[in-house]
Amino acid sequence: MSLLLQTLLLVVLAFAAVRACEAVARLFARSRARRRLDVESPSSPAIKPTIDEKDSAAQAVPALEQDNAQLEEMQLHKDLYFKLQNLEQYPGILPQSWDLLISLLSETVADAQKQPNSGILSLSNYTRESLAMFLQAENDKTTQQWEQYLARRKAGSPKEMFGDRKEAEWWLKQAAPVKY
């Protein structure tokens, strides 16, 4: 039973970390035009808006409501994490964590099935060889994208993800718990 609880805890934590990182990435991508004050990092940098984002200031109100919903969801995940870490004091949390795990797994599978020819679901037969070939192809694709980015930078193209070092450091601190 203990191994089952530990496994459940690890899976829920992994999904919570992925969801939290996705939320941070969405916040980062969507709200570059505003000064972002993260609950966990009060000294997050002011981010200068790009030309395209200056026109989207009118859309900021719905984004703020969505940001609040994401922060509430993150707080729920933090509470769940704490209670699972202190299972002796919160034994009733297991049904809630199980329900969350099932819903996250269902959501992940549903998202993956929307694009069946991409990602790991594109493998029709799971063998060691096919998995190794898939992983090597993904690694090669990532390396090629990186080399193309470096070539664009050498040719004088601007930075694509971050405006400056401070912004990149802030993002790295937010994404640190998750390995892509």
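Some points to look at:
- Candidate set from segment 90-114 (those that are in contact with a helix residue (DSSP H, G or I) (Cβ under 8 Å, 6 or more places away or on another chain) and of a type in the set (S, T, N, Q)); member that is surrounded by the most Cβ atoms within 10 Å (Cβ to Cβ): SER97
- Output for segment 132-169, where each listed residue is of a type in the set (Gly, Ala, Ser), within 29 Å of ASN117 (Cα to Cα) and not in a helix (DSSP H, G or I): none
- Pairs where the first residue, in segment 153-176, is within 23 Å of LEU71 (Cβ to Cβ) and the second is exposed (fewer than 11 other Cβ atoms within 10 Å of the Cβ) and not aliphatic (A, V, I, L, M), C-beta under 9 Å, 6+ apart: TRP170/SER43
- Criterion: polar (S, T, N, Q), at pLDDT below 90 and under 30 Å from LYS141 (Cβ atoms) - qualifying residue of GLN66, GLN113: GLN113
- Hey, GLU129 in a loop (DSSP other than H, G, I, E, B) and of a type outside the set (S, T, N, Q) or not: no
- When each of LYS154, LYS166 is tested for being charged (D, E, K, R), more than 30 Å from VAL109 (Cβ to Cβ), surrounded by 11 or more Cβ atoms within 10 Å (Cβ to Cβ) and modelled with pLDDT of 90 or more, the lone residue that passes is LYS166.
- Scanning segment 121-144 for residues that are modelled with pLDDT of 90 or more and surrounded by 10 or more Cβ atoms within 10 Å (Cβ to Cβ) yields a count of 15.
The values are calculated or read from the model by the stated rules, or taken from the named source; none is laboratory data. Everything numeric in this text was worked out from a predicted model, so none of it was measured. Every residue, glycine as well, gets a Cβ built from its backbone with ideal geometry; the counts of neighbours run over all protein chains shown.
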